[in-house]
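Step one of this worksheet: look at the structure below.
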Amino acid sequence: MENNFEFEIPNVRRKQIRLFENLILFLNGLSFILFGIKSNNKVATISGLIILLLTFIRFLVKNNKYNMALVVAMVCFASWITIGYWWIGILFLALSMLGSISSGNKKIKFDSRQIKLSNPFSKIFNWSQLQNVILKDGLLTMDFRNNKLLQTPIINQLSEAETKQFNDFCNQQLVTSN
């Protein structure tokens, strides 16, 4: 029987990513206002004001129930297309989607072959790279052979039996990989 364990771990860089997203949105809003004033384009000026207003609201509202960054990004995308710079709009939309994906929680999946850490880019570890893996009191610890240590809390709530089953599974994989 193949055991697979998947845990969700919190993204510790969420605040930095959100701040960076707000900065990019703010700079886009300023760009539209400056472009609109310089070229006497009222659509660009109004778009810039709307983007700045939405970015300010997003900055104040900490609730991530609605992905407001993508809403503002769509406004920016439509505005770039409207003023004739469609390639900047596409680039901006791609960056916004990457930022949205990056700000989510990460998943770590354990199976008999490997350990896969994902979001947004996957990182794969082989069992032979590890010296020890243990889950205790909601804290996952991975001790690598090259003296690196990964410790992170997990979001999933596990019972004592599930924790023991996971730790036994990891010990078995570590023994068979050596």
Quiz prompt | Residues of region 1-49 that turn out to be in a helix (DSSP H, G or I) and of a type outside the set (V, I, T), as a count | solution = 27
Exercise. May I ask you to list the residues in region 85-131 that are exposed (fewer than 15 other Cβ atoms within 10 Å of the Cβ) and small (G, A, S)?
Key: A94, S112, S118, S122, S128
Practice problem: Scan region 96-111 for residues that are out of contact with any helix residue (DSSP H, G or I) (no Cβ under 6 Å at 6 or more places or on another chain) and assigned to a loop (DSSP other than H, G, I, E, B) and jot them down. | Solution: G104, N105, D111
Quiz item: Do you know which of the residues in region 75-84 that are surrounded by 14 or more Cβ atoms within 10 Å (Cβ to Cβ) and hydrophobic (A, V, I, L, M, F, W, C) is farthest from R58 (Cα to Cα)?
Solution: I83
Self-check item: region 151-176, residues that are surrounded by fewer than 14 Cβ atoms within 10 Å (Cβ to Cβ) and either free of Cβ contacts under 8 Å to residues at least 60 places away in the same chain or of a type in the set (D, E, K, R) (or both)
Solution: Q151, Q157, S159, E160, A161, E162, K164, D168, N171, Q172, V175, T176
Practice problem: Return the total of residues in region 19-53 being under 18 Å from I90 (Cβ atoms) and without any contact (Cβ under 8 Å) to a residue 24 or more places away in the chain. | Solution: 2
Quiz item: I108 is checked against (1) within 14 Å of the chain's Cα centre (by Cα); (2) at pLDDT below 80 and fails just one. What number does that condition carry?
Solution: (2)
Quiz item: Can you spot a residue in region 58-71 that is in a loop (DSSP other than H, G, I, E, B), surrounded by 13 or more Cβ atoms within 10 Å (Cβ to Cβ) and either over 26 Å from the mean Cα position of the chain (by Cα) or at pLDDT 90 or above (or both)?
Solution: no
Exercise. Give the number of residues within region 72-84 that are in contact (Cβ under 8 Å) with a residue 40 or more places away in the chain and either outside any helix (DSSP H, G or I) or outside the structural domain of L95 (by TED's automatic domain parsing) (or both).
Key: 1
Exercise. Check whether at least one residue in region 134-143 is of a type outside the set (A, V, I, L, M, F, W, C) and touching a residue at least 40 places away in the same chain (Cβ under 8 Å), and report yes or no.
Key: no
Self-check item: Lone unmet requirement of (1) farther than 20 Å from K106 by Cα; (2) modelled with pLDDT under 90 for N167
Solution: (2)
Practice problem: Kindly indicate whether any position in region 82-95 is at pLDDT below 90, among the polar types (S, T, N, Q) and touching a helix residue (DSSP H, G or I) at 6+ places or on another chain (Cβ under 7 Å). | Solution: yes
Self-check item: Counted residues, region 131-143 - those being over 17 Å from Q165 (Cβ atoms) and out of contact with any strand residue (DSSP E or B) (no Cβ under 6 Å at 6 or more places or on another chain)
Solution: 0
Quiz item: On the given criteria, is F144 touching a helix residue (DSSP H, G or I) at 6+ places or on another chain (Cβ under 8 Å), over 30 Å from L25 (Cα atoms) and crowded, with 16+ Cβ neighbours inside 10 Å?
Solution: no
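The values are calculated or read from the model by the stated rules, or taken from the named source; none is laboratory data. Everything quoted here is computed from the prediction, not taken from an experiment. Heads up, the Cβs are rebuilt from the backbone with ideal geometry, glycines too, and the neighbour counts pull from every protein chain shown.
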